[in-house]
1. Per-residue HN-Hα couplings for region 87-97, Karplus 6.51 cos²θ - 1.76 cosθ + 1.60 at θ = phi - 60°, whole Hz, x for Gly and Pro?
2. Go through 37-48, 168-179 and give me the packing order, highest mean Cβ count within 10 Å leading.
3. Taking H placed 1.01 Å from N in the peptide plane, check which residues at least 5 places from residue 57 or on another chain put their amide H under 5 Å from its amide H.
4. Sort all Cα-Cα distances of region 33-97 into consecutive 5 angstrom bins from zero, then give the percent of pairs in each bin up to the one containing the longest distance.
Amino acid sequence: IPVWQLIRVTREPERVKNQLGEQAERLLSGALGPRRQNARVNRIGSRLARSARIEVEFFVLPGPMINAVSLPHGQVYIWQGLLGHTAEDDEMLAGVLAHELGHVVLDHHLRAYEFSAQLSLLFGALGRPWLRGLSRNLVNRIVQRGFSRSREWEADETAIELMDAAGFGARGLVRLFETLPNQGRLQGMLGTHPDPKHRALRLREILGELPQTEEK
């Protein structure tokens, strides 16, 4: 990746996010089947987006995957499998959508792209051209593995704030993590280590349901 690509991240972040998002949108739509909108997802998602003060479109993708993903230009996708898992609990669904909005609010896609570009530039200069494809595979990696552990935690914490601001019970996100199936079936935001049960425990501590562990 040329140096000017890294400069663009700093000087034209919105343009970079739009380009990345449009590329990702084509990938998702072409590879994973027709997307559709859902009245329940739109109702809950729009309420959260207003609390985040951002404009977002929400879509449902077919298939049993227990996953959701956001794109940097303001789109959130949830698979039918995860939507079905939250069918009886609007606050649980709000937790899913708020988490994905957290990634958008915190510019995690742009930061991941910037890091990939830096690695590509560094190792490309050292004769490792295979790393130059990192940025092109950014969306694939996010869909399959989610973001880094620290960024997933940041999105969890931001989700709690967005849910509270929108009038949703933040414990819906805790219930989501507590009721998920075995780790091996999960991908993306839900498959990132630590496992969902640990994430639920951490959120309970933040919400004050468990005493904070003292540092030793």
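1. 4, 9, 8, 5, 6, 5, 5, 4, x, 4, 5
2. Details: 37-48: 17.2, 168-179: 20.2.
Put in order of decreasing packing, that is 168-179, 37-48.
3. Correct list: 75, 76.
4. 4, 18, 32, 28, 13, 4, 0
FYI, it's all coordinate maths here, none of it is from the lab. It should be emphasised that the depicted structure is a prediction, and the values quoted were computed from it without experimental measurement. Here Cβ is always computed from backbone atoms with ideal geometry, including for glycine, and neighbour counts include all displayed protein chains.
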